[in-house]
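Below is one structure, written out as structure tokens, with a few remarks after it.
The values are calculated or read from the model by the stated rules, or taken from the named source; none is laboratory data. Given the structure is predicted, the values throughout are model-derived calculations rather than measurements. In this analysis, Cβ positions are derived from the backbone assuming ideal geometry, glycine residues included, and neighbour counts consider all displayed protein chains.
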Amino acid sequence: MTLQALLHQSGPIPLHARIDCAAGELLALVGPSGSGKTSVLRAVAGLMHVGEGRITLGDAVWFDSNKGVHVPAEQRPVGMVFQHYALFPHLSALDNVRLAVPRGAPADAALQLLADMQLDKLSSRRPDELSGGQRQRVALARALARQPQLLLLDEAFSAVDQPTRQSLYDELIKLRERVQLPIVMVTHDLREARLLADRISILDGGTTLQDGPPERVMSQPRNARVAALVGLRDIHAGIFHKATSVGAPARLRWGDAAAGIDLITSDKGRLDDGANVRWVISGEHVQLHAEPGAEPNMVPSELHSMRRLGEIVTLQCRPQALPQARLHLDVTTRFARLLNLQAGTVVHLEIDPQGIHIMPVKRALLDPLA
Amino acid sequence: MLALPWGCGPAAAQGGPLVAAASDLQFALDGIAAAYKKETGQPVRISYGSSGNFMRQILQDAPFELFMSADEAFVFQLADQKRTLDRGALYATGRIVLFAPRSSPLRPDGQMTDLRAALADGRITRFAIANPDHAPYGRAAREALQSAGLWEAVQPHLVLGENVSQAAQFAVSGSTQGGVFAYSLALAPTIANAGSYVLLPENMHQPLRQRMVLTHKAGAQARAFYSYLQQPAARAVFKQYGFALPVEPARR
Amino acid sequence: MDWPALWLSLQLSLATALILLPLGVFAARWLANSRHPLKPVFEALLALPLVLPPTVLGFYLLVAMGGESTLGIVFQRVFGHTLAFSFTGLLVASVIFNIPFALIPMQRAFETIPTDLHDAARTCGLSRWRTLWRIELPLARRGIASGMIMTAAHTMGEFGVVLMVGGSIPGETRTIAISIYDKVQSFDMQAAGTMSAVLLVLSMTTLLVSAWLLRTPAAARHHG
């Protein structure tokens, strides 16, 4: 049962989005606040009306603006978990879940759902007598009570503290082992998306910019905007030169003809020779050395500053041959200590040719709805 | 008594015939109704108020069965509008008094000489009468004050009662220095003991010819009471309260 | 002590509250959840009896219900007696001038229900009716009760409108408030005093019950 949604409207909240989520798959909708990701989720749930579009789950059509079909939320077999739990305060945990259990289900269905979340001992407690993590688990049990065909999570982990969040992630993972539902999750936390999702979809201003597996989207952003949204701090300028012969690598001039660094990279056949490009590289493809070496793409750089945050140290490097460029790198504190890194020293950055992701400067945004 | 008032409407005989009576009849009529109940076992429901107000309400179809006005003009207006069975019967003629409560610096007298002086030297700040626009006793009070040439002087100090009973209230209460209201009220012990009063000469105002009439809503009980009011027992009570009685009315 | 008047007042209060219960609940719920552009206009209209002098209200009601009005004439024809000067007329007037007393506490109660609860109810498969019955009403019950109590208390004391629309017909429209007025006018101070004391105790009790109902549990206020 695959979820497919195409949504378009110009106002009050502009939307131009596309969602695909297969059974057993977890799709994360990621974007800054105001990016429309919650609106998309609500539209899929049936809680929000959209100007134009189509939403289907398998064969069932939930919304089709052309045919005037709009199935109300209460009739769509979805389960939804909200950021602030949305538990009914006047009912016990058990009654909260029981309310959602359909008629004809076994009498202990609600209790069983709570037991799956290790909450059966707390079933008679009211929400205000439960901790944040417990409340969210009740909410999850309630969402599953309807035996939904789709699970929607709206920033479900944002309101709890870190350790609780961790245990909730575990709960979710265990759940996915039990049931093969399509799950769509909205989050602004990239790490969370990376950890839990099979695919992520980047939204900005209501428009789907890119979707795909997290590693791909985060290391191969489609354009500068996506790159910024997935947290790639450095976007570099360059000029691309095609390979001179078959089998030879292509050349990326970091900087321009006057001042720059030559890097080798692969030629995917998509770019013209001499094209102005932007390129990014994620930290896992950059190796820091204290000494120069023979590997390709070694860039001597001045370690300009170091900022330590617990276990991680963020380094800001400036290539000697291109001092106005910046390359930020996170290393472990242990590594930094091992290499005796200090501001002002020279380090050698090895840039993996396969890790370089090139984006042409002018590229029409691919219409996600096309 | 604990009847449910729903739907049946006020004209139902429960509780007795509905009478709208001028406020000056407060004590007299209560006495007559009590005697009537004793004699016939039939209670009577009485609402007291200003005659003008009742006339207006009857014009708007209020459910009163018997209207006892303090001024026959209101009865005639209703009869002209065909709201009544006939043109009714005169039952009494009323008188007014000038009253000063115990605490007041005013000395009541039939020529209102002290009132004149009191108005001149500022002893009077508030003076109570019924509203002349719709209460006959208020109209009579105004006429009396006008005959004495005191109307202009007293006007800025007037406190108007919605009906003559309320005027008496204000006069007795001590928050006014006195007032003009019905003789029938002044004869009641509660009021008589609260101050001093004097009857004002009849020639100072138009006569207060009090007339009563049955409306179209009148039931058998109302008619019975209407007759009773014209018989000796009732007439004696009216006399007791200072009313002048008309000659024996023609039998209906 | 005018027992029939007290009984009449109690019946009027109870009847008014019972009529305004369903009307108030549905109107309050609509107002709480609506974003209709004309909503402020509706709210102002419904709150009018709060600020309008009772005599103005009484006047307009008389015009609308009195013997000369269409409504009055139709009523007279159907039921055989007037709408004004009857208990029914009083009930109509009472329902109208109590609207804000019933509606406003109820509306506030519905407004405090967090919106995500509505969303949650829907995604749990609850129809609008079941959501009202199982979620909204239980959560709003204090405000609803408060509205009812305010209505009943206010009706017991209403004077100006009752006098204009009902007159003072014993057993029919002479409520206890009117009766006190009459007693004072007929110099029966003792009766007036007794009845006033009764009303005072009744009012105090109402306020205390209302305050108790609206109390915020201490735990809820300090919840982090």
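Kindly provide the set of residues from region A:71-110 that are outside any loop (DSSP other than H, G, I, E, B) and more than 29 Å from the chain's Cα centre (by Cα), ordered by number. Across region A:71-110, the qualifying residues are A:GLN75, A:ALA93, A:LEU94, A:ASP95, A:ASN96, A:VAL97, A:ARG98, A:LEU99, A:ALA100, A:ALA109, A:ALA110. Look at (1) at pLDDT below 90; (2) more than 15 Å from the chain's Cα centre (by Cα); (3) away from every other protein chain (no Cβ under 12 Å) and you find that C:PHE85 fails only one, number (3).
Take B:ARG235 and decide whether it is over 26 Å from B:GLN57 (Cα atoms) and assigned by TED's automatic domain parsing to the domain that holds B:ALA70. Yes. Looking at this structure, is C:ILE96 more than 10 Å from chain B (Cβ to nearest Cβ), under 24 Å from C:ALA5 (Cβ atoms), modelled with pLDDT of 90 or more and assigned to a helix (DSSP H, G or I)? Judged against the criteria, C:ILE96 is a match.
Screening region A:124-210 for helices (runs of 4 or more DSSP H) wholly inside it with 1 or more residues that are of a type in the set (D, E, K, R) and closer than 24 Å to A:ASN223 by Cβ returns the ranges A:190-196.
Just for region B:151-209: of the residues that are among the acidic types (Asp, Glu) and more than 21 Å from C:MET189 (Cβ to Cβ), which one is surrounded by the fewest Cβ atoms within 10 Å (Cβ to Cβ)? That would be B:GLU152. Scanning region B:30-44 for residues that are surrounded by 21 or more Cβ atoms within 10 Å (Cβ to Cβ) and not in a helix (DSSP H, G or I) yields a single hit, B:VAL44. Scanning region C:45-75 for residues being in contact with an Asp or Glu (Cβ under 9 Å, 6 or more places away or on another chain) and away from chain B (no Cβ under 13 Å) gives a total of 1. Against the list (1) surrounded by 15 or more Cβ atoms within 10 Å (Cβ to Cβ); (2) within 11 Å of chain C (Cβ to nearest Cβ); (3) of a type in the set (Lys, Arg), the condition A:ARG103 fails is (1). Residues considered: C:ALA145, C:ALA197. Of these, the only one that is assigned to a helix (DSSP H, G or I), within 17 Å of the chain's Cα centre (by Cα) and more than 30 Å from B:ALA62 (Cβ to Cβ) is C:ALA145. Filtered by the rule that a residue be at pLDDT below 90 and more than 20 Å from the chain's Cα centre (by Cα), region C:38-63 gives a lone residue, C:VAL63. Pairs are defined by a Cβ separation below 8 Å, a sequence spacing of at least 6 or placement on different chains, a first member in region C:194-221 that is at pLDDT 85 or above, and a second member that is in a helix (DSSP H, G or I) and of a type in the set (S, T, N, Q); the pairs so defined are C:MET195/C:SER179. With respect to A:ALA141, is the statement that it is in contact with a helix residue (DSSP H, G or I) (Cβ under 6 Å, 6 or more places away or on another chain) and within 12 Å of another protein chain (Cβ to nearest Cβ) true? For A:ALA141, the condition - in contact with a helix residue (DSSP H, G or I) (Cβ under 6 Å, 6 or more places away or on another chain) and within 12 Å of another protein chain (Cβ to nearest Cβ) - is met.
Of the strands (runs of 3 or more DSSP E) lying entirely inside region B:47-144, those containing at least 2 residues that are more than 14 Å from every other protein chain (Cβ to nearest Cβ) and within 26 Å of C:ILE180 (Cα to Cα) span B:127-130. What about B:SER104, is it in contact with an Asp or Glu (Cβ under 7 Å, 6 or more places away or on another chain) and either more than 21 Å from B:ARG235 (Cα to Cα) or touching a residue at least 24 places away in the same chain (Cβ under 8 Å) (or both)? For B:SER104, the condition - in contact with an Asp or Glu (Cβ under 7 Å, 6 or more places away or on another chain) and either more than 21 Å from B:ARG235 (Cα to Cα) or touching a residue at least 24 places away in the same chain (Cβ under 8 Å) (or both) - is not met. Within region A:252-268, does at least one residue satisfy the condition of being surrounded by fewer than 18 Cβ atoms within 10 Å (Cβ to Cβ), basic (Lys, Arg) and either within 26 Å of the chain's Cα centre (by Cα) or assigned to a helix (DSSP H, G or I) (or both)? So far as region A:252-268 goes, yes, one or more of its residues are surrounded by fewer than 18 Cβ atoms within 10 Å (Cβ to Cβ), basic (Lys, Arg) and either within 26 Å of the chain's Cα centre (by Cα) or assigned to a helix (DSSP H, G or I) (or both).
Filtered by the rule that a residue be within 22 Å of A:PRO296 (Cα to Cα) and assigned to a strand (DSSP E or B), region A:324-350 gives A:LEU327, A:HIS328, A:LEU329, A:ASP330, A:VAL331, A:VAL346, A:VAL347, A:HIS348, A:LEU349, A:GLU350.
Residue check: is C:TRP3 under 24 Å from C:LEU202 (Cα atoms), loosely packed, with under 14 Cβ neighbours inside 10 Å and within 12 Å of another protein chain (Cβ to nearest Cβ)? When the stated conditions are applied, C:TRP3 passes them.
I need the full set of residues from region C:106-135 which are facing chain A (nearest Cβ under 10 Å) and touching a residue at least 40 places away in the same chain (Cβ under 8 Å), in order please.
C:ILE113, C:HIS118 - these are the residues of region C:106-135 that are facing chain A (nearest Cβ under 10 Å) and touching a residue at least 40 places away in the same chain (Cβ under 8 Å).
The residue that is nearest to B:GLY49 (Cα to Cα), among those in region C:157-175 that are crowded, with 20+ Cβ neighbours inside 10 Å and more than 14 Å from every other protein chain (Cβ to nearest Cβ), is C:VAL161.
Yes/no per residue for (1) surrounded by 18 or more Cβ atoms within 10 Å (Cβ to Cβ); (2) more than 16 Å from A:ALA145 (Cα to Cα); (3) small (Gly, Ala, Ser); (4) within 14 Å of another protein chain (Cβ to nearest Cβ):
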position	(1), (2), (3), (4)
A:MET1	no, yes, no, no
A:ALA17	yes, yes, yes, no
A:ALA22	no, yes, yes, no
A:GLU25	yes, yes, no, no
A:SER35	yes, yes, yes, no
A:GLY58	no, yes, yes, no
A:ASN66	no, yes, no, no
A:VAL81	yes, no, no, yes
A:ASP95	no, no, no, yes
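Quick check: is even one residue across region B:65-76 buried (at least 20 other Cβ atoms within 10 Å of the Cβ), out of contact with any strand residue (DSSP E or B) (no Cβ under 7 Å at 6 or more places or on another chain) and closer than 16 Å to B:LEU185 by Cα? Within region B:65-76, not a single residue is buried (at least 20 other Cβ atoms within 10 Å of the Cβ), out of contact with any strand residue (DSSP E or B) (no Cβ under 7 Å at 6 or more places or on another chain) and closer than 16 Å to B:LEU185 by Cα.
Name every residue in region C:161-180 that is more than 25 Å from C:LEU21 (Cβ to Cβ) and small (Gly, Ala, Ser), in order of residue number.
Selection gives C:GLY167, C:SER168, C:GLY171, C:SER179.
Can you name every residue in region B:236-246 that is under 16 Å from the mean Cα position of the chain (by Cα) and not small (Gly, Ala, Ser)? Answer for region B:236-246, where residues must be under 16 Å from the mean Cα position of the chain (by Cα) and not small (Gly, Ala, Ser): B:VAL237, B:PHE238, B:LYS239, B:GLN240, B:TYR241, B:PHE243, B:LEU245.
For C:PHE97, the requirement of being among the hydrophobic types (A, V, I, L, M, F, W, C), in contact (Cβ under 8 Å) with a residue 40 or more places away in the chain and in contact with a His (Cβ under 7 Å, 6 or more places away or on another chain) is not met.
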